[in-house]
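Asker: Could you have a look at this structure, given as structure tokens, before my questions?
The values are calculated or read from the model by the stated rules, or taken from the named source; none is laboratory data. Bear in mind the structure is a predicted one, so any value in this text is a computation, not a measurement. So basically every Cβ, Gly included, is an ideal-geometry build from the backbone, and we count neighbours across all protein chains shown. These area figures cover heavy atoms from the full protein model, side chains too; ligands, DNA and RNA do not enter into them. Shrake-Rupley method; radii C 1.70, N 1.55, O 1.52, S 1.80 Å.
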Amino acid sequence: MKAINIIGICLAVIILPVCMYYVFETEYAYYNSWDWGGYDNYYSGPSRAEVTTEAAGISILFVGFFLYQCIMNMVKIKTTTSKVMGIIGVSLMGIFFLINLMMLGSGGGATYDEGGPFNFIAGLIMIAFSIVFLVQTVNFEKKTITANNQIIDDSDLDEIV
């Protein structure tokens, strides 16, 4: 679980500049596709819908991992904090996952410059949640190791007698 939470911290930091890059690329594609009064400036780059499809596809992978991370922490780590934050995280990441699905399925109706900032917010939320999940994982493992050392099994009884 420590590895999943460390990867979650790294991905949460990575999604922030990726999200902003695609928001700016979507706006760039939108404004450069306008006809500015007949001046022979032709934009031959990707359209706004193409950039949105690419960006939403990448963002859905990030948000899907964050959803997986919240579910795994909720199931594996048996602390109240992890369970509460896991439920909150699943709820929020589920909403962000649906927003990305909407951008993918709209065919250009909903663009990434409109829905992309939600992925930025998801990154900020998951930085905080991943750090707390990592601390809870370490504390839970310490409690488990301490509890396991106090259990006497049959092999210890043979040495005592």
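Asker: Only residues that are buried (at least 17 other Cβ atoms within 10 Å of the Cβ), among the small types (Gly, Ala, Ser) and without any contact (Cβ under 8 Å) to a residue 60 or more places away in the chain: list them for the range 58-98, please.
Answerer: If the condition is that a residue be buried (at least 17 other Cβ atoms within 10 Å of the Cβ), among the small types (Gly, Ala, Ser) and without any contact (Cβ under 8 Å) to a residue 60 or more places away in the chain, then 82, 86, 89 are the ones that fit.
Asker: A further question on this structure: Would you confirm, using the coordinates I've provided, whether residue 108 is in contact with a helix residue (DSSP H, G or I) (Cβ under 7 Å, 6 or more places away or on another chain), modelled with pLDDT under 90 and open to solvent by less than 60 Å² (accessible area, probe 1.4 Å)?
Answerer: Yes.
Asker: For the range 99-119, which residues satisfy the criterion of being within 17 Å of residue 24 (Cβ to Cβ) and either under 14 Å from the mean Cα position of the chain (by Cα) or without any contact (Cβ under 8 Å) to a residue 24 or more places away in the chain (or both)?
Answerer: Selection gives 114, 116, 117, 118, 119.
Asker: Quick test for you: out of 140, 118, pick the one residue that is in contact with a Lys or Arg (Cβ under 7 Å, 6 or more places away or on another chain) and either open to solvent by 30 Å² or more (accessible area, probe 1.4 Å) or over 18 Å from residue 15 (Cα atoms) (or both).
Answerer: 140 is the lone residue from the list that is in contact with a Lys or Arg (Cβ under 7 Å, 6 or more places away or on another chain) and either open to solvent by 30 Å² or more (accessible area, probe 1.4 Å) or over 18 Å from residue 15 (Cα atoms) (or both).
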